[in-house]
Amino acid sequence: VPANSPNSERRSGDPAWILGVDIGGTNIVVGAVPFEGADAQGVKSMPTQPERGADSVVARVAEMVNETVAWLEREHGASRDTIAGVGIGSPGPLNRAKGIVINTPNLGWRDFPLRDLVSEAVGFQATLDNDANCATFGEWWMGAGRSYDNLVGMTLGTGIGGGMVLNGELVHGASDSAGEIGHMTVDLTGRKCKCGNYGCLEAYCSGPNIAARAVEGLDIAENSILSELVGGDLEQITAATVYEAAIRNDRYANEVLAETAKILAAGVGNIINVLNPQAIVIFGGVTRAGDHLFVPLRAEIRRRAFRSAADACAILPAALPDTAGVVGAAGVFKKTVFGRV
Ligand SMILES: [Zn+2]
């Protein structure tokens, strides 16, 4: 029986709600998650605006949490004492035990005591975990990974993040940095990565890098509509432009995606050979490329990974693309404070 099967019924004395907070480089998302587990409700999103400073982000998180509490009181007649607390997901690396974000290039934070500042501002107990871990835990608890005990999550966006649930538990490693799938080396002498290393998976397959690779090869591409789609201003080409061109049967855009699938498959194949998971759940804008990415990806994985491991592993788009981080942050809170989900 998977650890997340409906054995997570409410027990008498259990709270009714957990609040989930997902802090990203672009948006903050907050919602209320039923204690026994379900998709988030009363979900709100606001721009993170990290340039206004860390304290301003905390103030906005507190405001959104307070609005969600007011929403629960209004819509569900919930009182504050039926709310267990707040689970927070944030980019890392971080120290979970201390509730500190050690360093986030995208937000500009260093040794920032995020958990306790939010907790003090809203008057609830809080927990902190990595955003990709939370998204993976959310998909495992209530999303595409519900029927699996061994699951890997991959977020393909501005960067590439990852999370691992093995035997029903999130894997954190010795210093909370396990699951950095985006920074596995796929080419020893390859493209420079933001982390300082060369040839990381992220340096090829993150959204900005898919776009950069498309632009780099464009001058020798024949009859591509990519340039036309951005009115000739190549700096405007994003990964989404590449997907759109591919969907419109642009040969060059499809070549870029086939190459992306090939590199991604090298990374995913490594994960499959090392961990033998039942599923890999993929999040992010890249899933909008649909079959133009997933068909070559699945084919290439079968060529690269051990057959029995590839056969056992489903490659799935996320079922909760907008709320997995919120649901998972609440799930991590429940697991941490109550010892179960
Ligand atoms: Zn890297």
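Odds and ends about this structure:
- Any hit, the range 124-143, residues being within 16 Å of the ligand (Cβ to nearest atom) and assigned to a loop (DSSP other than H, G, I, E, B): no
Residues are listed down the side, and each one gets a yes or a no for (1) open to solvent by less than 20 Å² (accessible area, probe 1.4 Å); (2) within 21 Å of the chain's Cα centre (by Cα); (3) modelled with pLDDT under 95:
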{"position": "CYS195", "(1), (2), (3)": "no, yes, yes"}
{"position": "ILE210", "(1), (2), (3)": "yes, yes, no"}
{"position": "VAL215", "(1), (2), (3)": "no, no, no"}
{"position": "ALA258", "(1), (2), (3)": "no, no, yes"}
{"position": "ILE263", "(1), (2), (3)": "no, yes, no"}
{"position": "GLY285", "(1), (2), (3)": "no, yes, yes"}
{"position": "ASP291", "(1), (2), (3)": "no, yes, yes"}
{"position": "PRO296", "(1), (2), (3)": "no, no, yes"}
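So that you can scan it fast, the table gives a plain yes or no per residue for (1) within 16 Å of the ligand (Cβ to nearest atom); (2) within 21 Å of ILE160 (Cβ to Cβ); (3) of a type in the set (A, V, I, L, M, F, W, C):
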site: LYS194; (1), (2), (3): yes, yes, no
site: GLU202; (1), (2), (3): yes, yes, no
site: PRO208; (1), (2), (3): yes, yes, no
site: GLY231; (1), (2), (3): no, no, no
site: ILE263; (1), (2), (3): yes, yes, yes
site: ASN270; (1), (2), (3): yes, yes, no
site: VAL274; (1), (2), (3): no, yes, yes
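- Within the range 107-155, the residues that satisfy the criterion of being more than 25 Å from HIS183 (Cβ to Cβ) and aliphatic (A, V, I, L, M) are LEU117, VAL118, ALA121, VAL122, ALA126, MET142.
- Residues of the range 298-341 satisfying the condition of being crowded, with 23+ Cβ neighbours inside 10 Å and among the aromatic types (Phe, Trp, Tyr): PHE333
- Residue in the range 300-321 that is in a helix (DSSP H, G or I), within 30 Å of VAL30 (Cα to Cα) and not charged (D, E, K, R) present: no
- Among (1) under 18 Å from the mean Cα position of the chain (by Cα); (2) under 27 Å from TYR148 (Cα atoms); (3) at pLDDT 95 or above; (4) crowded, with 21+ Cβ neighbours inside 10 Å, the one test that VAL43 misses: (4)
- Strands (runs of 3 or more DSSP E) within the range 1-100 that include 1 or more residues out of contact with any Ser or Thr (no Cβ under 6 Å at 6 or more places or on another chain) and acidic (Asp, Glu): 17-23
- Options THR68, THR104, THR26: the member that is more than 21 Å from GLY179 (Cα to Cα) and at pLDDT below 95: THR26
- When the range 178-190 is filtered for residues that are among the charged types (D, E, K, R) and either buried (at least 16 other Cβ atoms within 10 Å of the Cβ) or more than 13 Å from the ligand (Cβ to nearest atom) (or both), only GLU180 remains.
- Cβ pairs under 9 Å, 6+ apart, first in the range 107-130 and closer than 23 Å to ASP81 by Cβ and open to solvent by less than 20 Å² (accessible area, probe 1.4 Å), second part of a helix (DSSP H, G or I) and among the polar types (S, T, N, Q): VAL122/ASN66; ALA126/SER119; THR127/THR336
- Condition check for SER175: of a type outside the set (A, V, I, L, M), in a loop (DSSP other than H, G, I, E, B), away from the ligand (no atom under 16 Å from the Cβ) and touching an Asp or Glu at 6+ places or on another chain (Cβ under 9 Å): no
- Scanning the range 217-229 for residues that are among the β-branched types (Val, Ile, Thr) and either surrounded by 15 or more Cβ atoms within 10 Å (Cβ to Cβ) or within 16 Å of the ligand (Cβ to nearest atom) (or both) gives a single hit, ILE225.
- Which numbered condition GLY162 misses (of (1) in contact with a Phe, Trp or Tyr (Cβ under 6 Å, 6 or more places away or on another chain); (2) outside any loop (DSSP other than H, G, I, E, B); (3) small (Gly, Ala, Ser)): (1)
- Taking the range 155-172 as the range and being within 12 Å of the ligand (Cβ to nearest atom) and open to solvent by 20 Å² or more (accessible area, probe 1.4 Å) as the test, only GLY159 passes.
The values are calculated or read from the model by the stated rules, or taken from the named source; none is laboratory data. Since the structure is predicted, the reported quantities are computational estimates derived from the model, not experimental observations. Note: ideal-geometry Cβ built from the backbone for every residue, glycine included; neighbour counts use all protein chains shown. For accessibility, only protein heavy atoms count, side chains too; no ligands or nucleic acids. Shrake-Rupley method; radii C 1.70, N 1.55, O 1.52, S 1.80 Å.
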